[in-house]
1. On a full-extension model of 0.36 nm per residue, what is the gain between Asp251 and Lys233, subtracting their alpha-carbon distance, rounded to one decimal in nm?
2. How much length is gained on full extension from Ala224 to Ser44, taking 0.36 nm per residue of separation minus their Cα-Cα distance?
3. So for His35, His48, His127, what's the accessible-area order with a 1.4 Å probe, most first?
4. Compute, for the chain, the length of the dipole vector about the Cα centre, with Cβ point charges of +1 (Lys, Arg) and -1 (Asp, Glu) only. Units Debye, rounded to 20.
5. Heavy atoms only, 1.4 Å probe, whole protein assembly: order Trp181, Trp5, Trp51 by accessible area, highest first.
6. Can you pull the percent of the chain's accessible area that's carbon plus sulfur, 1.4 Å probe, other chains left in place?
7. Over the chain, give the accessible area per residue in Å² for a 1.4 Å probe, as an integer.
8. Between (1) 107; (2) 145; (3) 172, which entry matches volume of the Cα convex hull per residue in Å³ as derived from the coordinates of this structure?
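The values are calculated or read from the model by the stated rules, or taken from the named source; none is laboratory data. Here the structure is a predicted model, which is why all the values come from computation and not from measurement. Neighbour counts are summed over all protein chains in view; Cβ atoms, including those assigned to glycine, are modelled from backbone coordinates with ideal geometry. Side chains are part of the model used for accessible areas, which takes the heavy atoms of the whole protein and leaves out ligands, DNA and RNA. Shrake-Rupley method; radii C 1.70, N 1.55, O 1.52, S 1.80 Å.
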Amino acid sequence: AWEVWKFLWGQKAEASEIFEVLDSLVEQGKIERVHGYYCLSGRSEIIHTRWQRYLLAEPKYKRALRTARFLRFVPSVLTVAVCNNLAYSNGKAESDIDLFIIVRRGRIWLTRLLVTAVVQLLGLRRHGKKVTDRCCLSFYLTDEHLDISDLALPESDPYLYYWISTLAPIYDREGTFEKFWQANAKLLQHIPNAHPKFVSHRRNVGRIFSHSRAATKFGGWLDASAKRLQQRKMKHRPAHPSADTSVVISDSILKFHEEDRRELFRKQWMERSAQFLPLHGGE
């Protein structure tokens, strides 16, 4: 019930109000309650699927935590968060481990190079046909570009809003994740009851020492060198800003989602919302 409240679309409400409505809908036979979970009538089998996927998520999270324990030694890494389906323990057995990484400004290229090398040495990097339980390193952001509203689809982008709201940080310092959440408050207005998942006690790699924040000319030179090296290996794609934000290559964002399906999800979202609108009395 608290998830229904947290992810309620477009309306601020008290949790108690949502609980009352859920109980009423169960009594009317419009939805079902199974072992404390709610679903549309006739779909109770998905509760079992959810339990199974939660169990599948545990070993995947352990791999993510193992990765983050090494990545925290990279001075420019500020936040490592699990994203997409695994973030809310809903990944399939064959799925990978998607990571979202926030880095120090002016160090995105060097950081990507170091992170890729570390995860490759750990034997946990996704590449080629090696997907299951491998880390997908496809989204980097600097702390000077925490507001990602410029990546949103025109008019509405439900997937992006919920993507932000389900991020699960497993390493964070300098309050970076909270700054990211606040920077995207405008996007999160669409789900006004949502609140961030801060680093938990159970899924947390902890801190080791305080990294120096000093910016050096040598560090800048290394980042520029790392940029030249990586750009030679990248296919030429339109850089941000452009109409297509599936792939963004800049000094503040590196996003490589060539199979970005947000347009499809938005279409399905609108169709299903229209289908179940009578459930809410037309309001």
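1. 4.9 nm
2. Working: separation 180, 0.36 × 180 = 64.80 nm, distance 5.39 nm.
Using 0.36 nm per residue and subtracting the Cα-Cα distance, I get 59.4 nm.
3. On the way: His35 145, His48 100, His127 65 Å².
I get His35, His48, His127, largest accessible area first.
4. Rounded to the nearest 20 debye, it is 1800 debye.
5. Working: Trp181 35, Trp5 55, Trp51 105 Å².
From most exposed to least exposed: Trp51, Trp5, Trp181.
6. Numbers: 8690 of 15960 Å².
Within the chain, the accessible surface is 54 percent carbon and sulfur.
7. Counting only protein heavy atoms, the per-residue value for the chain is 56 Å².
8. (2)
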